[in-house]
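The values are calculated or read from the model by the stated rules, or taken from the named source; none is laboratory data. Remember, it's a predicted structure, so these values are computed and weren't measured experimentally. Counting neighbours? That spans all protein chains shown, and the Cβs are built from the backbone with ideal geometry, glycine included.
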Amino acid sequence: MLLLLSDYGWHDPYVGQLKTVLATLAPDVAVIDLLHALPDFNPHAGAHLLAALCRDLPVGAVVLAVVDPGVGGPREAAVLEVAGRYFVGPDNGLLSLLAGRAHSSRVWHIHWRPEGLSATFHGRDLFAPIAASIASGRFPDDKLTPVAGLRVQFDTAELARILYIDHYGNAWTGIRGGGLVEPGSYLEVQGLALPWRGVFMEAGKGEAFWYVNSSGLIEVAVNRGSAALRLGLKLGDPVGLPQTPGSHHH
Amino acid sequence: MLLLLSDYGWHDPYVGQLKTVLATLAPDVAVIDLLHALPDFNPHAGAHLLAALCRDLPVGAVVLAVVDPGVGGPREAAVLEVAGRYFVGPDNGLLSLLAGRAHSSRVWHIHWRPEGLSATFHGRDLFAPIAASIASGRFPDDKLTPVAGLRVQFDTAELARILYIDHYGNAWTGIRGGGLVEPGSYLEVQGLALPWRGVFMEAGKGEAFWYVNSSGLIEVAVNRGSAALRLGLKLGDPVGLPQTPGSHHH
Amino acid sequence: MLLLLSDYGWHDPYVGQLKTVLATLAPDVAVIDLLHALPDFNPHAGAHLLAALCRDLPVGAVVLAVVDPGVGGPREAAVLEVAGRYFVGPDNGLLSLLAGRAHSSRVWHIHWRPEGLSATFHGRDLFAPIAASIASGRFPDDKLTPVAGLRVQFDTAELARILYIDHYGNAWTGIRGGGLVEPGSYLEVQGLALPWRGVFMEAGKGEAFWYVNSSGLIEVAVNRGSAALRLGLKLGDPVGLPQTPGSHHH
């Protein structure tokens, strides 16, 4: 199984061009588009989303992840292995939350440069052939150099910002929900203290609330409406951490 | 063959997360995205579109259909069988046009609840495993309870409203075209009496008209332009039924 | 391998309906969505994009290409073969850049008309079955008539206009980059003389520049920003050809 995450967008030809390479080199591998709307040019936000979206993959899964504003520059290309899952992408921090939060991991840099490598589309020309090899069961040792770790490593703590807004208008944060959820806690967003609701049905129609979404992240939502429109949210906006009522007095 | 229809949107990770489950449980089944732009939160409009889009499926096809604003609440989860095609989704009316218009059908409720079922993403956690089983030829009798019929059943009559607007700006109604088409009939939309044209080429450039689209529904269109922009149409707007000229005098 | 290019859009059900036919008739063929955002109703722009996007396909690849505002009218339906690659679509110019730039090619018209052919969706009803046959290794001689060439043939010269704007805001032209790139040359766009940069990293943050993109076309871009917004570009806008500094004095 080969999963794709990128900021390539759905409408553009980039995903299809990359898949043409995969279909040629690894015709028997199932390719799944997980997300092509990672925030443009932003490996930091992408790293947090990638870590959340890839927490439950089956062993042997290969992930091709690309947010690569430095393509063609000096940044390295990397392969990361965590618990039998493989991640292929730029060494610009994008893979570093996965690495930094893992008990153990292995990292390689890709020293191979294919003939006809474009200066601006390494997803198609460099990462796709490497990912296709791994997903086909042929680990490309001859194209990789083992290294001690990723060159760029972001802070692994929660990121208390809006990282993604879905088409309903739900706003994902970079705060993982495990253990934080307590009935009665609230989340400060745009100066408002939003209540927690377990499911959309428990909120009044049009009520804004927060909950832990199905990818394990704290999300700001409105029942049958758009939280982004209702609260004026945009990518990068800061949010608070969940607080129990009166907890600031403790 | 397993077809997906939902209001999950293309840009978001929900479709990919659902497909990761399908690829794990039913790796040999072809998965086809039929439509992920069913109107948000609106099982009623979705039911009419689903019935139109699924009228010609091959026997044995399985459809996973989700528009599920009540997820996590008391609504039941259902499997519907009509003439050898299977439909898996919430029992909130979404599947009910298919059931209500069929000569005969069978219905089951899904009593199974998997470990780790999320409160908000039953498409991935509940419907996908059931659909994967059926599409793989293993009907999950142990997870289903036969019932007399769907709990929520919408009126099966034509829905004389705009239900979908495509990216060209063509506006689909919930009125089936069979038998209604008569040269010379017109359709009242926003106070205008639009003429019928058989194909886009027969309309003048920029002319608004109606025709029976390739899914069997009456559609409002403009040749080489956007009917939605030209006529100011939005989802839910009422339209008339086709009328022969002078028919209101009969 | 069967590749799809169209103006059907991603959000709408048309691609999924076409794929349902392909999955029924050619279940073992890999289907790849290359681009469904070809400019609406515009075979001329589509022809230039198609030629660029299909220049490196493996032998045996089949391309189903549809931009078909004249569907249901007198335009012919065609199959084009160039160097062992097959292209299926309307004979309205869309395939003609591929044909006109090839050393040699073969063309057939599709005389077959299937039962139940819709008047408005030949992609699903006519082109998909033909493409499925070819991709499955069964060339449908009985449904095709060899002809001397395409009926509609566009000028094969470079098209110095904006033909596509991607979601980053990068603007593709119809000018091929081979041989034109010279350090120091500039491109006139909206009255500005944009410099050439080899990769995004070489441009200052927010700087507008041009380069030869990974599909071989000259593209106008902004490092970590949107060229379309920055320069006010829209589809069809004229651009210059690359000029060396002072070349207008020669």
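Check A:Pro114 against each of (1) touching a residue at least 24 places away in the same chain (Cβ under 8 Å); (2) within 14 Å of chain C (Cβ to nearest Cβ) and name the one condition it does not meet.
Result: A:Pro114 passes all but (1).
Can you name every residue in the range C:108-123 that is more than 21 Å from C:Leu38 (Cβ to Cβ) and not in a loop (DSSP other than H, G, I, E, B)?
C:Trp108, C:His109
With (1) under 26 Å from A:Trp10 (Cα atoms); (2) not in a strand (DSSP E or B) as the list, and C:Trp210 as the residue in question, which single condition is left unmet?
Result: C:Trp210 fails condition (2) only.
Please go through the range C:220-246 and pick out each residue that is away from chain A (no Cβ under 14 Å) and hydroxyl-bearing (Ser, Thr, Tyr).
The one that is away from chain A (no Cβ under 14 Å) and hydroxyl-bearing (Ser, Thr, Tyr): C:Thr244.
Looking at (1) under 13 Å from B:Glu219 (Cβ atoms); (2) crowded, with 22+ Cβ neighbours inside 10 Å; (3) not acidic (Asp, Glu), which is the one condition that is false for B:Gly177?
(2)
Could you count how many residues in the range B:139-153 are under 15 Å from B:Glu81 (Cα atoms) and either of a type in the set (A, V, I, L, M) or more than 23 Å from the chain's Cα centre (by Cα) (or both)?
The number of residues fulfilling the criteria is 9.
Residue-by-condition table, conditions (1) in contact with a strand residue (DSSP E or B) (Cβ under 9 Å, 6 or more places away or on another chain); (2) within 23 Å of C:Val199 (Cα to Cα); (3) crowded, with 16+ Cβ neighbours inside 10 Å; (4) modelled with pLDDT of 95 or more:
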position: A:His111; (1), (2), (3), (4): yes, yes, no, yes
position: A:His122; (1), (2), (3), (4): yes, yes, yes, yes
position: A:Leu144; (1), (2), (3), (4): yes, no, yes, yes
position: A:Gln153; (1), (2), (3), (4): no, no, no, yes
position: A:Leu159; (1), (2), (3), (4): yes, no, yes, yes
position: A:Leu163; (1), (2), (3), (4): yes, no, yes, yes
position: A:His167; (1), (2), (3), (4): no, no, yes, yes
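If the requirement is being closer than 21 Å to A:Asp28 by Cα, in contact with a strand residue (DSSP E or B) (Cβ under 9 Å, 6 or more places away or on another chain), in the same structural domain as A:His36 (by TED's automatic domain parsing) and of a type in the set (Gly, Ala, Ser), which of these qualifies: A:Ala102, A:Ala131? Spell out how you get there, then give the answer.
Details: A:Ala102 fails: closer than 21 Å to A:Asp28 by Cα.
The match here is A:Ala131.
Give the residues of the range A:168-210 that are of a type in the set (Phe, Trp, Tyr) and in contact with a Leu (Cβ under 7 Å, 6 or more places away or on another chain), sorted by residue number.
A:Trp172, A:Tyr186, A:Phe209, A:Trp210
Listed here are the residues, each with its yes/no results for (1) among the acidic types (Asp, Glu); (2) touching a Cys at 6+ places or on another chain (Cβ under 8 Å); (3) under 22 Å from C:Asn42 (Cα atoms); (4) without any contact (Cβ under 8 Å) to a residue 24 or more places away in the chain.
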residue	(1), (2), (3), (4)
B:Leu187	no, no, no, no
B:Gly191	no, no, no, yes
B:Gly206	no, no, yes, no
B:Ser214	no, no, yes, yes
B:Val222	no, no, yes, no
B:Gly232	no, no, no, no
B:Gly236	no, no, no, no
B:Thr244	no, no, no, no
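Would you be able to tell me the number of residues in the range B:169-195 that are among the acidic types (Asp, Glu) and modelled with pLDDT under 95?
1
Just to be sure, is B:Arg197 assigned by TED's automatic domain parsing to the domain that holds B:Lys234 and basic (Lys, Arg)?
yes
Suppose we filter C:Trp10, C:Trp108, C:Trp112 for residues that are under 30 Å from B:Tyr8 (Cα atoms) and of a type outside the set (Asp, Glu); which single one remains?
Within the list C:Trp10, C:Trp108, C:Trp112, the selection yields C:Trp10.
Please state which one of A:Leu57, A:Leu80, A:Leu94 is surrounded by 24 or more Cβ atoms within 10 Å (Cβ to Cβ) and under 15 Å from A:Leu35 (Cα atoms). Please lay out each step first, then the result.
Numbers: A:Leu57 fails: surrounded by 24 or more Cβ atoms within 10 Å (Cβ to Cβ); A:Leu80 fails: under 15 Å from A:Leu35 (Cα atoms).
Checking each option against the conditions leaves just A:Leu94.
Are there any pairs, at least 6 apart or on different chains, whose C-beta atoms fall under 8 Å, with the first in the range A:14-39 and outside the structural domain of A:His167 (by TED's automatic domain parsing) and of a type in the set (Val, Ile, Thr) and the second crowded, with 21+ Cβ neighbours inside 10 Å and part of a loop (DSSP other than H, G, I, E, B), and if so, which?
From the range A:14-39, the pairs are A:Val15/A:Tyr8; A:Val15/A:His36; A:Thr20/C:Leu57.
Take the residues of the range A:198-219 that are more than 10 Å from chain B (Cβ to nearest Cβ) and surrounded by fewer than 16 Cβ atoms within 10 Å (Cβ to Cβ): which is farthest from A:Gly179 (Cα to Cα)? Working first, answer last.
Step one: list which residues in the range A:198-219 are more than 10 Å from chain B (Cβ to nearest Cβ), which gives A:203-204, A:206-210, A:217-218.
Right, trim to surrounded by fewer than 16 Cβ atoms within 10 Å (Cβ to Cβ) and you get A:204, A:206.
Numbers: A:Gly204: 25, A:Gly206: 27 Å.
Per the stated criteria, the residue is A:Gly206.
For the structure I just gave you, tell me whether B:Ala227 is of a type in the set (A, V, I, L, M, F, W, C) and modelled with pLDDT of 95 or more.
So B:Ala227 fits the description; yes.
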